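Reading through the structure tokens given below for one structure.
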There are 2 protein chains.
Amino acid sequence: MKTDPYVALRAYFEQRAPLPDAEFAVLRQLFRPRTLRRHEVLHAAGEVARHGAFVARGCLRSFVVDAQGKEHILQFAPEQWWIADQHSLTHHAPALFAIDAVEESEVLLYDALFYHQKGLPTVRDSELSLTMLTNRIYAMQQRLVLLLSAPAKVRYLDFIQTYPTLAQRLPLRLIASYLGITPESLSRVRHELAHERPGA
Amino acid sequence: MKTDPYVALRAYFEQRAPLPDAEFAVLRQLFRPRTLRRHEVLHAAGEVARHGAFVARGCLRSFVVDAQGKEHILQFAPEQWWIADQHSLTHHAPALFAIDAVEESEVLLYDALFYHQKGLPTVRDSELSLTMLTNRIYAMQQRLVLLLSAPAKVRYLDFIQTYPTLAQRLPLRLIASYLGITPESLSRVRHELAHERPGA
DNA sequence: CGAGCGCTTGATTGAGTTCAAAAATCGTGG
DNA sequence: CCACGATTTTTGAACTCAATCAAGCGCTCG
């Protein structure tokens, strides 16, 4: 057990506010560890999602496949991110999108109950799920604005800012899918940038 | 008082599950009515948002203004919709976007406390705010996928489906802004559609 | 009745796609 | 550890959708 996922979870909470052992002991019971190999799915589109995940190591993504068979990536979830089809989880409805591992990953699974946190005494965070959802909305808004207003090059630069590590380790075609452009276009954008700013 | 906004709010809840008078009595205290004239703002971008709104009549929108001075509409909120900058509300941070009235509107304002619903006994909905946020995410996801995958014409057709009433009553330039295209382009899209399907 | 705003229409331009093929990289089995 | 096939990335050329620039039309409202 070289990388204990619960240690990563604890770190996540501590980064935000001190968390007494007792409270964390309760919290951790809501999670179950799992390792995912590359390309292994958490759930497919159309299935009812039974779990969301906290990513302790690696990277997951959520994505849809459109009528033309093209994949569109909604979210990347590298270390310390949450990922889930909340709608499917809470309403037991078929998931709109699939979630799979982009790399070998270690995650902590939680289920629908987590959002309500009935058992938890205070955990200071009946707000926890609210914060998670609010952050998710915030991130999606940023992305909407970029898609509405900025050309591919700017969106790519923003991506590098937002996910510096991912920009390195993910294959170009996944990044292109996230940005909403073709791999060919992204390749060209990179080419241009390499010439504009030789020191990068 | 021909249109009591609280009646609209009550209707909203009843549509989802029966709501005893006693519980609604508690709930309604979290809201304060307000009338907005066309173009009147709830808050500007950069201000700390103090309220979110339930729209009883009319239509609000949230939008950002980009570096080139162009407006981008994030959300329309016609009757029975909620609209707010949750991030700003809950974190007392400067709002990322502005909210104003597209038409003369009647709304019920709520503040940050609403999300926690401390005072409320059960209201069957400690889930209420969770549901609201989850629905918001769901809607934004749909829109992201459309922006990533579909050309302007398809996005417009989807808009008509999703907001049949708005497609009628909103000026074209607002719809264009929402769709992420220029008014000129939307005009042409409409022209094409009128010819393709003469019976519409 | 004129000024201004919103919508349309046209001509041109440009960012990004598509199709095609070559070059580079990766993974796997021998 | 190397070699080979498969997948990724790059590069090129033609094309397309939507943006931009520029008039012109019709309406409302002041």
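The values are calculated or read from the model by the stated rules, or taken from the named source; none is laboratory data. Every value quoted in this text rests on a predicted model; they were computed, and no experiment measured them. Cβ coordinates were reconstructed from backbone atoms using ideal geometry, including for glycine residues, and neighbour counts include every protein chain displayed.
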Inset, instruction - Quick one: count up the residues across the range B:69-81 that are within 16 Å of DNA strand D (Cβ to nearest atom) and facing chain A (nearest Cβ under 8 Å). - result: 2
Inset, instruction - State all residues of the range B:171-200 that are modelled with pLDDT of 95 or more and away from DNA strand D (no atom under 14 Å from the Cβ); if no residue qualifies, say none. - result: B:174
Inset, instruction - For residues that are within 13 Å of DNA strand C (Cβ to nearest atom), of a type in the set (A, V, I, L, M) and assigned to a helix (DSSP H, G or I), tally how many sit in the range A:152-187. - result: 8
Inset, instruction - Check A:130, A:109 and return the single one that is at pLDDT 95 or above, surrounded by fewer than 20 Cβ atoms within 10 Å (Cβ to Cβ) and over 28 Å from residue A:69 (Cβ atoms). - result: A:109
Legend entry - Count of residues meeting criterion [surrounded by fewer than 15 Cβ atoms within 10 Å (Cβ to Cβ), polar (S, T, N, Q) and touching a residue at least 24 places away in the same chain (Cβ under 8 Å)] in the range B:151-186: 1
Legend entry - Test: residue B:96 is in a loop (DSSP other than H, G, I, E, B) and surrounded by fewer than 22 Cβ atoms within 10 Å (Cβ to Cβ): yes
Legend entry - Residue list for the range A:5-18, filter: without any contact (Cβ under 8 Å) to a residue 12 or more places away in the chain and not in a helix (DSSP H, G or I): A:18
Legend entry - Test: residue in the range B:165-172 that is more than 9 Å from every other protein chain (Cβ to nearest Cβ) and more than 30 Å from residue B:14 (Cα to Cα): yes
Legend entry - Which numbered condition residue A:44 misses (of (1) touching a residue at least 60 places away in the same chain (Cβ under 8 Å); (2) surrounded by 13 or more Cβ atoms within 10 Å (Cβ to Cβ); (3) under 19 Å from residue A:110 (Cα atoms)): (1)
Legend entry - residue B:103, sole failed condition from (1) away from DNA strand D (no atom under 16 Å from the Cβ); (2) away from chain A (no Cβ under 14 Å): (1)
Legend entry - Some residue of the range A:71-90 being over 26 Å from residue A:12 (Cβ atoms), not aromatic (Phe, Trp, Tyr) and not in a strand (DSSP E or B): no
Inset, instruction - Inspect the range A:139-148 for any residue being within 14 Å of DNA strand D (Cβ to nearest atom) and not in a helix (DSSP H, G or I) and give the result as yes or no. - result: no
Inset, instruction - Would you check if residue B:41 is β-branched (Val, Ile, Thr) and farther than 30 Å from residue B:179 by Cβ? - result: no
Legend entry - Number of the exception - residue B:52 against (1) surrounded by 14 or more Cβ atoms within 10 Å (Cβ to Cβ); (2) away from chain A (no Cβ under 14 Å); (3) closer than 24 Å to residue B:4 by Cβ: (2)
Inset, instruction - State whether one or more residues within the range B:25-46 are in a strand (DSSP E or B) and under 30 Å from residue A:151 (Cα atoms). - result: yes
Legend entry - Residue pairs meeting the criteria (Cβ under 8 Å; at least 6 apart or on separate chains; first free of Cβ contacts under 8 Å to residues at least 40 places away in the same chain, in the range A:128-150; second among the acidic types (Asp, Glu) and assigned to a helix (DSSP H, G or I)): A:146/A:158; A:150/A:158
